[in-house]
Amino acid sequence: MSDLLRLSASEIAAQVSRGGLRASAVIEAALARIAEVDPQVHAFLSLRAEPARRRAEEIDQRVRSGARVGSLAGVPVAVKDNLCDQDGSATCASRILERFRPSYSATALRRVEAEDAIVIGKTNLDEFAMGSSNENSAFGPTHNPWDLDRVPGGSSGGSAAAVAAGEAVLSLGSDTGGSVRQPAAFCGLVALKPQYGHLSRHGLVAFASSLDQIGPMARSARDCALLFNAVAGHDPRDATSLSRDPRIELAQLETLPDDLRLGVPRAWLGEGLDPEIRSAFEATCARFEACGAHLVDLELPDPRHAISTYYILANAEASSNLARFDGVRYGHRAEGVHDLHAMYERSRGEGFGPEVKRRILMGTFVLSSGYYEAFYAKAQAARRLLRRAFDQALETVHAILIPTAPTAAFRLGEKSGDPLAMYLSDIYTITSNLVGHPAVSFPAGATQEGLPIGMQLCGRAGDERTLLALVQAHEGRHDGVGAARSAASPVTGLLGRGPAGEGWR
Amino acid sequence: MSRESSQANRSREAQQEAEQTAARLAVALSSWEAVIGLEVHAQLRTRTKLFCACSTAFGAEPNSQVCPVCLGHPGVLPVPNREAVVLAVRMGLATGCAVRERSIWARKNYFYPDLPKNYQITQFDRPICEHGEVRFAVAAGPRSARLRRIHLEEDAGKSKHPEKAGETLSRIDLNRCGTPLIEIVSEPDLRGPEEAYAYLAALKEILEHTGVCDGNMEEGSLRCDANVSVRRRGETALGTRTELKNLNSFRFVEKAIIYEILRQIARLETGGTIEQETLLWEPALGRTRTMRSKEDAHDYRYFPEPDLPPLIVSPDWIAEIALALPELPEAKRARLRRAYGLGEGEVEILVRQPEVCDYFEQVVAGGGDSRLASVWVLTELVGHLNRLGRQITDSPVPVPEMVALLQRLAAGKLTGKLAKMALEEMVDTGSTAELVIQAHGWEVVSDDRAILQFIDAVIASNPAGVAEYRAGKDSNFRWLVGQVMKLSRGQVDPRRTEELLRQALADPDA
């Protein structure tokens, strides 16, 4: 693997814009790396090799002519395949959209390109972002680059694996209940779920509109902030996007709040939490204390209530959002049917995978007459209570520290037969989606087996800056995945010491 | 039998049938009471759709006014049209509704090919306007109906099923999809077809008058569903209702309601019961058929639209919209009668044509006599404009020129005939009253000596006519006046001419 891919995004952009590094060279290195490892990792569903090469040449041309280039000049970016791409696809890893060609590009995608990043391909995901392992992809699962027998997490597993395997330097995922944070934890990356409304959802194929946020994934807090800055901000095409400018001055990542206080909901660290994750958590707490943070015990509502609330609301919205995939105008249409209802039933029956069907059924049920009050309305009320409890807690602390997931990456097939067990892997992440506030996952050690462990900071409304500053401070005291094994698989062997190790920042 | 006579027979039969139906209805309603509520969908007069920038123009090439948003493509999001909100609030204010400062968009979920998202964005439990009232009049006197609510929603597309080579094809036009509508729901306050008709007419008038909707039922800008039930007179509980759909004209609304009232009464009187169901009016057959029964009723699974924040209409915004609200038809009628002493016919014309009314009122305000102005604007000027195919807002005769003309007429400086000639020329050339009159020397001759010269000439050249008059044939007088007018090219003062002519004819020496 080329050393170019070990450079940070800000370093690549800086060198490319100065003419010291050609964007074309970076792209060739990334494409070579993809050719080398993606047959095993399967992070990508489609590549944009030729358009990426043309973009790179065009950027190099502009640099040579002395023109200004963007803040992500020449940086190879992988984009989750549920973001519409006018020049490519938006399959959502579903048969129903396998051959769909979007007629426009998502705002986030247009914005990264406007900063001269180069989209090299579209990444694998759980079908319609429904899942926590990437095993729900209709086109086969992505493998965790740290251990190819394990899942990369989900649903943005392809975006996480692509960066972890050195196939891209940055990636965009989407996070409805933890879908950028949990895969980031499993793959040893930094991933931000922004404040709801800070990133335009225009062009993101909706799973659950009130929870979905696009999230940047990177190998460091600084790169994560760089990508966030490129895509964040108001978009007139999204009525739920906020008007304030959420972008972060990178220099501000160097400073932490005075009298820094971090909340720890001790009661959340019980049942189901892997002992190795727990001890990594305690070590992380100690490092933050060494940074000057004062740790405060917090009482927060039982996260199991959040799970129930989440699966009612998310599936209700999904049942409606996915109604448009009916075979009438685009997407898969069943052959040989002669009446409308048969066309609906067969097209959807053939087009959707089992997890998507399960969620549509659950969502339809909780909205049905006679059940709405008992399920949907109650979940809405629970969501309001949760938001209030979180806001109250965040009045006394700058952020809440918890693990990202109760375990490290599990084995392929280990949980795919047990949806409830799978849903529990979101237990620490979904609250931030229900509340709407930002949250970040960052690498904080490895298991005995050498698998990455991720920790999570959940912040105050609209305050991505403090979260990323905390992650950067933590990076200064810890080398991320650290002692993760170096030669366990062909892919990680090439990765060397790990994302936050020497040569990565 | 000839075609003409068979047609005449048919229309005679239709009239007889209508009379029989009216008689049956009168009998039925002597012991029963009809209870009717209307749900009216009005298309808002916005340039663009409710959640995207596509045009709302009617009659374009199918599927030419669409974009990823109204086509329901993956990843698109709705962004509300501010003007649609203004129009909905305006209608709410015009009907005395309370405007909700924070209303909620909702999704109504059902699968249909002309509904691309397979849900409609509408409002459900928190609509933008509630608790209004519409006043109207029937033969028996003034009435009113309460409005339960007015809510905003997007329209669906149109499905067509043409036959081709013996096969039925399905065609979908999504141009209309996403067009902004308001649904105006009345309480069940209407007590028969006449009231339903009059309510609908009053509603249409307010919609048109406030510029909220063009009121065109043929193009589907205004659509009506009716909820109908009956109960024995004196009862207070409501009977089981049926919902009538496809009432695409005022006549259909009336006919379908009459049909349904008679059907329900006949059924109840023979010991039957009414099923709660949705019925489709079939105009060609003059009857309804079941569209869906209660068991088949959709479960629309309404829930708050997560792609849209609550719709906030601030008190300041409401006040701004209220300030721009035009005078409403009922108030305007009363004022026109009171202020200008106009008759019913003239008032109706002015209420129906606000631009003509504005012109008229400006003429009066500029110093024109209101009686003269009503004739000269409503009949003469409008007649010329119709001839030229022009609108009054585009009148070649500006208000001050009309005032100048009418003031000359009122002062007796111009005869009616001359004024008509002057107006025609003003319309055709765009010239001023003064220039036209000067150019032709169209000054009224009121000098007795000058008039007498014309009279003498007429008497001298019409000895027979004069003789007949003197012998008692009074009708010759008007003819002789006409001769004088003709000879003077309409310039003599008509009243003085008559006086002088009578004197002259009475004088045998002349």
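Based on the Cα gyration tensor of the stretch A:75-117, what are the three equivalent ellipsoid semi-axes, each the root of five times an eigenvalue, rounded to whole Å and given largest first?
With the √(5λ) rule applied to the stretch A:75-117, the semi-axes are 20, 10, 7 Å.
Relative contact order, whole percent, for chain A stands at 18, derived from Cα pairs under 8 Å and 6 or more residues apart.
Can you tell which of B:PHE454, A:ALA35, B:GLY286 lies farthest toward the positive end of the dipole of the protein assembly as shown, using +1 and -1 charges on the Cβ of basic and acidic side chains (Lys, Arg; Asp, Glu)? Of the candidates, B:GLY286 comes out farthest on the positive side. Under a cut-off of 19 Å between alpha-carbon atoms, report the lysines in cross-link reach of B:LYS204, not counting same-chain residues fewer than 8 places apart. Reachable lysines: B:LYS245, B:LYS255, B:LYS332.
Counts of other chain beta carbons within 10 angstrom of each beta carbon in peptide B:75-83 average 6. Inter-chain neighbour count for B:296-303: the average number of beta-carbon atoms from partner chains within 10 Å of each residue's beta-carbon is 5. A protection proxy built from the mean count of other Cβ atoms within 10 Å ranks the segments B:52-65, A:188-201, most packed first, as A:188-201, B:52-65.
Split the accessible area of the stretch B:327-440 by element, probe 1.4 Å, and carbon with sulfur accounts for 50%. For chain B, the longest principal axis of the Cα atoms and the long axis of helix B:416-429 meet at an angle of about 60 degrees. Over every Cα atom in chain B, the radius of gyration and the widest Cα-Cα span, Dmax, amount to 31.1, 102 Å. Across the stretch B:36-316, the relative contact order, built from alpha-carbon pairs under 8 Å that are at least six residues apart, equals 23 percent.
Taking only Cα atoms of the stretch B:344-471, what ratio of Rg to Rh do you get with Rh as the Kirkwood inverse-distance radius?
Result for the stretch B:344-471 is an Rg/Rh of 1.11.
Do you know the relative contact order of chain B, to the nearest whole percent, from alpha carbon pairs under 8 angstrom that are 6+ apart?
Over chain B, the number comes to 13 percent.
Helix B:329-340 axis versus longest C-alpha principal axis of chain B: approximately 20°, rounded to the nearest ten.
In the stretch A:192-306, inverting the average of 1/r over every pair of distinct C-alpha atoms gives 17.0 Å as the Kirkwood radius. In terms of Cα atoms, the Rg and Dmax of the stretch B:448-506 work out to 10.3, 29 Å.
A:PHE325 exposes around 10 Å² of accessible area when a 1.4 Å probe is run over every protein chain in place. Straight-line cross-link partners of A:LYS193 among the aspartates and glutamates, defined as a Cα under 12 Å from its Cα and at least 8 positions apart when in the same chain: A:ASP175, A:ASP212, A:ASP463, A:GLU464. When nucleic acids and ligands are ignored and a 1.4 Å probe is applied, B:LEU244 ends up with an accessible area of around 0 Å². P(r) for the stretch B:36-316, from all Cα pairs and a bin width of 10 Å, is 6, 26, 34, 24, 8, 1, 0 %, short bins first. Taking amide hydrogens as placed 1.01 Å from N in the peptide plane, the amide H of B:GLY75 sits under 5 Å from those of A:ALA206, each at least 5 positions away in sequence or on another chain.
For chain A, compute Rg over Rh where Rg is the Cα radius of gyration and Rh is the Kirkwood radius from the inverse mean 1/r over Cα pairs.
Using only Cα positions, Rg/Rh for chain A is 0.95.
Dipole of the stretch A:38-131 computed with +1 at Lys/Arg Cβ and -1 at Asp/Glu Cβ about the Cα centre; of A:ALA108, A:ALA67, A:PRO51, farthest Cα towards the positive end is A:ALA67.
Each peptide in A:88-97, B:317-326 gets a packing score, the mean of other Cβ atoms within 10 Å over its residues, and the list from highest to lowest is A:88-97, B:317-326. Over the protein assembly as shown, the reciprocal of the mean inverse Cα-Cα separation, the Kirkwood hydrodynamic radius, stands at 34.0 Å.
Between 0 and 90 degrees, rounded to the nearest ten: what's the tilt of helix B:476-487 against the longest Cα principal axis of chain B? Approximately 90 degrees, to the nearest 10. Binning the alpha carbon pair distances of the stretch B:189-246 at 5 angstrom intervals from zero yields the distribution 4, 15, 21, 22, 16, 10, 7, 5, 0, expressed in whole percent. Find me the longest stretch of chain A that has none of the exposed GluC sites (Glu not before Pro), where exposed means in a DSSP loop (not H, G, I, E or B) with at most 11 other Cβ atoms within 10 Å. So the longest stretch without any such site is A:1-248.
For the stretch A:354-468, the normalised intensity computed at q = 0.09, 0.15, 0.16, 0.17 Å⁻¹ comes to -0.34, -0.87, -0.95, -1.02 (log10 of I(q)/I(0), Debye sum over alpha carbons, equal scatterers, no solvent). Mean per-residue shielding of peptide A:309-317 is 1, counting Cβ atoms of other chains within 10 Å of each Cβ.
Over all pairs of different C-alpha atoms, the stretch B:419-459 has a mean inverse distance whose reciprocal, the Kirkwood radius, equals 11.7 Å. A loss of 20 Å² or more of accessible area (1.4 Å probe, protein heavy atoms, ligands and nucleic acids excluded) relative to the isolated chain is seen in these residues of the stretch B:96-135: B:ARG107, B:PHE111, B:PRO113, B:PRO116, B:LYS117, B:ASN118, B:TYR119. Excluding ligands, DNA and RNA, the accessible surface per residue across the stretch B:36-316 is 43 Å² with a 1.4 Å probe.
The values are calculated or read from the model by the stated rules, or taken from the named source; none is laboratory data. Source: prediction; values computed, not measured. Methodologically, a virtual Cβ is constructed for each residue, glycine included, from the backbone with ideal geometry; neighbour enumeration extends over all protein chains shown. Please note that ligands, DNA and RNA were not included when accessible areas were found on the heavy atoms of the full protein model with its side chains. Shrake-Rupley method; radii C 1.70, N 1.55, O 1.52, S 1.80 Å.
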